[in-house]
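S.K.: What follows is a structure written as structure tokens; I'll ask about it next.
The values are calculated or read from the model by the stated rules, or taken from the named source; none is laboratory data. Note that the structure is predicted; figures quoted are calculated from it, not measured. Don't worry about glycine lacking a Cβ; one is built from the backbone with ideal geometry, like all the others, and counts go over all protein chains shown. These area figures cover heavy atoms from the full protein model, side chains too; ligands, DNA and RNA do not enter into them. Shrake-Rupley method; radii C 1.70, N 1.55, O 1.52, S 1.80 Å.
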Amino acid sequence: MSESFLINISVIILFLPLLGFIVTIWLGKKIPKIFFFEVFILFTGLVLSLILLIGKLTSFADTRIVSEFKWIDMGNVPVIGSINIYLGMLIDDISALMIVVVYIISFLVHFFSIDYMKGDIRYNR
């Protein structure tokens, strides 16, 4: 596995819950069982985070994978000087493990809330 592959997986993992949220909000009243899509999104994120963890620990153990780019360039500001804001991703062993832990907990919460929220007026929310 390459570093760019692991960075791409981590970006997908980052934005998967946002995708699930947007689809659930837009289609929540039209499709009654839309919550299964959210559970599927979280399961996909969990699988991808496990792939990220295994790839990180097998190919790049004890190294930091960093990817960054210049997000905002304000140029030369009077009195302050040059202002640049960078946006990036950093993956080390602890962050890869924490992504898996967060996805396991969020997947289990969503999965068990299906039966817990049954009969609620705002079930799709």
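S.K.: Can you tell me which residues in region 1-11 are surrounded by 15 or more Cβ atoms within 10 Å (Cβ to Cβ) and of a type in the set (Val, Ile, Thr)?
M.R.: Ile7, Ile9
S.K.: Can you say whether Ile121 is of a type outside the set (D, E, K, R), modelled with pLDDT under 90 and either under 20 Å from Ile54 (Cβ atoms) or surrounded by 11 or more Cβ atoms within 10 Å (Cβ to Cβ) (or both), as far as the supplied structure shows?
M.R.: Spelling it out, it is not the case that Ile121 is of a type outside the set (D, E, K, R), modelled with pLDDT under 90 and either under 20 Å from Ile54 (Cβ atoms) or surrounded by 11 or more Cβ atoms within 10 Å (Cβ to Cβ) (or both).
S.K.: Please count how many residues of region 61-83 are surrounded by 10 or more Cβ atoms within 10 Å (Cβ to Cβ) and farther than 15 Å from Ile7 by Cα.
M.R.: 5
S.K.: If a residue must be within 17 Å of Val102 (Cβ to Cβ), touching a residue at least 24 places away in the same chain (Cβ under 8 Å) and open to solvent by 90 Å² or more (accessible area, probe 1.4 Å), how many such residues does region 15-54 contain?
M.R.: Total meeting the criteria: 1.
S.K.: Here's another thing I want to ask about it. What about Gly28, is it of a type in the set (Gly, Ala, Ser) and in contact with a helix residue (DSSP H, G or I) (Cβ under 9 Å, 6 or more places away or on another chain)?
M.R.: Against the criterion (of a type in the set (Gly, Ala, Ser) and in contact with a helix residue (DSSP H, G or I) (Cβ under 9 Å, 6 or more places away or on another chain)), Gly28 qualifies.
S.K.: Out of the residues in region 1-33 that are touching a Phe, Trp or Tyr at 6+ places or on another chain (Cβ under 9 Å) and among the β-branched types (Val, Ile, Thr), state the one that is modelled with the highest pLDDT.
M.R.: Among those residues, the one meeting the criterion is Ile13.
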